[in-house]
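See below for the structure under consideration.
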Ligand code: ADP
Ligand code: ZN
């Protein structure tokens, strides 16, 4: 008899509780099982198994409760290996989230412990000869000859009719069987350039190869050839029969890096990102687990790829906020990468043109090795950047969204047959709908935010929950029909460009136009083929794109990211502007950039315009030091949310009192209303902790977490977010 300890995903038992079941047969840890639970059958994840020689009755007498038996074992093999099981436990402690949530984060959705809808192994029919001899007709004889030369051929590829094959099968000459196949992940193919690595690139590659069990930071300006460095490093570790994980920010960059790695390494590469279908993900996952591939390219969650013998983990654009997972488990990808690297004695490489302050400061104190790629390939100059003061434009009576300078440059770019990229970090058509008579603004009924107007669907949408509604014509407050659209998003700009500029052909690239499968590839392809001369988009277009004929980049409103109340607002703005500016002039032609802003003297903007990372770094570090923000301290953001506003407020006050009592060397800020006070019908307050040593913080927060999330059963939730990247 075996005692099987099972974790389940259950809203009421959301915390880490194991439930013990019995089994007559041996069960391997790491598989999923069906178990009876509260008169339902639920799926559980087997954590450990212990053999016992006691009977059920004896066990029950010892335990003081009745045992039940496992109903069914779902998997033949464990879903996760020992390394990943240990990692899940560590991650669970670091992020204070249930272990089951950590296992879930590591598996493709079709294999998650809570689901049992297998993505399905895809099969195709194959034909094989099983007996020699002479069939009835000449045609059949011909076919048999053909099949002799084409063993194991797919049925659909046989140039004879299905009925003829069925006939041969009936006579016992051939068999038609199902064969497992993998779904093919789509990517754009292109002709590869012959490349000789530069002196700089070789210095970096050699430097990294010489290190062991180290984290290195490559600070390389845009277009300095970082991707070639990654490729060369990957080739090196492959030769050593080690495997490589290449991580890129979600969505925007994954397809591009996938293309590049697939082109270079072909079948050795598996891809994992959110754009794949469930079936594709499942197949890619199985290819990795079966050790058929040795390189995995993907977004954040690919850091959990079940590769063996990892030699290198690369995080491209390491500063990107998408490396932080924003729901449980709220992990930081670089932290997970370093833990895995330690287990495998592997190297970690972080690459960026604008490294995060955390990473750059670590390289300054020697915790990371720093490698610089200060020049663009072929010594191409970085593009000239002009800052346009929009206040000045307004004073000169230009109230359009385009400054005179930008209008001239954009038209010239079009006229010269070149291409332009325009950045507006706001999607939708208008920002909101407002009554011109009484000033009433239309808000989401579930969230404390205005609804955004989307013209193509003629809908008002909430960008925080799923709420959509038809635009209204009469003000719900005063009843007059004076509703007006205020502000602008990418949709409206698209419209304005077509009326303002001659011969403008625009591709809009944002969350709304890239929803459909492979639509992002299609759009980039169209732009590559010059079917459009303007690529207009949100921050999704800022990174990684490498189009030779883009000679102009325009930033329509640099202040959008600057005005976000977050301590990283300046850093984000600097990064975004540097990244998007880097898209200009990457080919033979020189590029230029215009940044439109109401804050022309802000250091985030001026430093980006001068391509001066070091200066920005120094100024920003000064600010972080003075105001005590990372990297000068650690942070955790505690979100308290409840349906009942009073419960939320009271809980926040109690939490604050508890923390005041139990923490000594910690700065405690709040509670304050969260940036979006109401979201999805929940009232939200935040408490912020800043600290140097995390031990006492974990002790106190674990106690609070246990108390509120276990005992209060859903009335109020407490979410602890370590290294917070967003505080909306
Ligand atoms: P980064 O990632 O640093 O922005 P990329 O790796 O995209 O830069 O390189 C910019 C361009 O330079 C790409 O088109 C790339 O193919 C090309 N490139 C990179 N290394 C070399 C090299 N050694 N010789 C010639 N071209 C190169
Ligand atoms: Zn909403």
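A short reminder: the numbers here are calculations on the coordinates, not readings from a lab. This one's a predicted model, so the numbers in the text were calculated from it and none came from an experiment. Note that we place each Cβ from the backbone using ideal geometry, even for glycine, and neighbour counts take in every protein chain shown.
Before moving on, here are some points about what is shown:
- Hydrodynamic radius by Kirkwood, which averages 1/r over all alpha carbon pairs of segment 1-94, in angstrom: 14.0 Å
- The value for segment 410-544 of Rg(Cα) / (2.2 N^0.38 Å) is 1.20.
- Rg/Rh (Cα only; Kirkwood hydrodynamic radius) as it applies to segment 482-615: 0.98
- Compactness check for segment 266-391: Cα Rg over 2.2 N^0.38 Å is 1.29.
- Modelled FRET efficiency - R0 35 Å, residue 39 with residue 465, Cβ distances, 0.05 increments: 0.60
- Orientation-averaged projection of segment 554-603 equals 3.5 nm² [convex hull of Cα atoms, one quarter of hull surface area].
- Computed over segment 291-334, the P(r) tail beyond 17 angstrom holds 35 percent of alpha carbon pairs.
- Over the chain, relative contact order from alpha-carbon pairs under 8 Å, at least 6 apart, %: 11 percent
- Computed over segment 547-636, relative contact order equals 32 percent, with contacts defined as Cα pairs under 8 Å that lie 6+ residues apart.
- Between residue 455 and residue 239, the simple label model (points 7 Å from Cα in the Cβ direction) yields a spacing of 5.6 nm.
- Hydrodynamic radius of segment 169-328 per Kirkwood, over alpha carbon pairs, in Å: 17.2 Å
- Compared with the rule-of-thumb size 2.2 N^0.38 Å for a compact globular protein, segment 656-728 has a Cα radius of gyration ratio of 1.13.
- Temperature 20 °C, viscosity 1.002 mPa s: under these conditions the Stokes-Einstein estimate for segment 31-145, based on its Kirkwood radius over C-alpha pairs, is 114 µm² per second.
- Semi-axis lengths, Å, segment 551-668, gyration tensor of Cα atoms, sqrt of 5 times eigenvalues: 40, 18, 11
- Pairwise Cα inverse-distance average, inverted: Kirkwood Rh of segment 77-178 (Å): 17.4 Å
- With viscosity 1.567 mPa s and temperature 4 °C, the Kirkwood radius over alpha carbon pairs of segment 607-681 converts through Stokes-Einstein to a diffusion coefficient of 84 µm²/s.
- The Rg/Rh ratio of segment 586-728, with Rg taken over Cα atoms and Rh as the Kirkwood radius over Cα pairs, comes to 1.13.
- Semi-axis lengths (Å, descending) of the ellipsoid that matches the C-alpha gyration tensor of segment 584-651: 40, 19, 12
- Expressed in Å, the radius of gyration and Dmax of the Cα atoms of segment 512-585 are 13.7, 41.
- Panel note: the C-alpha atoms of the chain, placed on their principal axes, show extents of 89, 76, 65 Å (largest first).
- D_trans [Stokes-Einstein, Kirkwood Rh over alpha-carbon pairs] for segment 245-328, 25 °C, 0.890 mPa s, µm² s⁻¹: 191 µm²/s
- Percentage of interatomic Cα-Cα distances in segment 367-476 larger than 15 Å: 78 percent
- Modelled spin-label separation between residue 152 and residue 164, with each label point placed 7 Å from Cα along the Cα-to-Cβ direction: 2.4 nm.
- In this simple spin-label approximation, residue 628 and residue 171 carry label points 7 Å from Cα along the Cα→Cβ vector, and these lie 8.9 nm apart.
- Extension reserve of the residue 667-residue 212 stretch, reckoned as 0.36 nm per residue once the Cα distance is removed: 160.1 nm
- Using C-alpha pairs under 8 Å with a sequence gap of at least 6, the mean separation divided by the residue count of segment 280-408 gives a relative contact order of 18 percent.
- Size descriptors for segment 371-427, from the alpha-carbon set: Rg then Dmax equal 15.5, 48 Å.
- With all projection directions averaged, the alpha carbon convex hull of segment 397-451 covers 6.2 nm².
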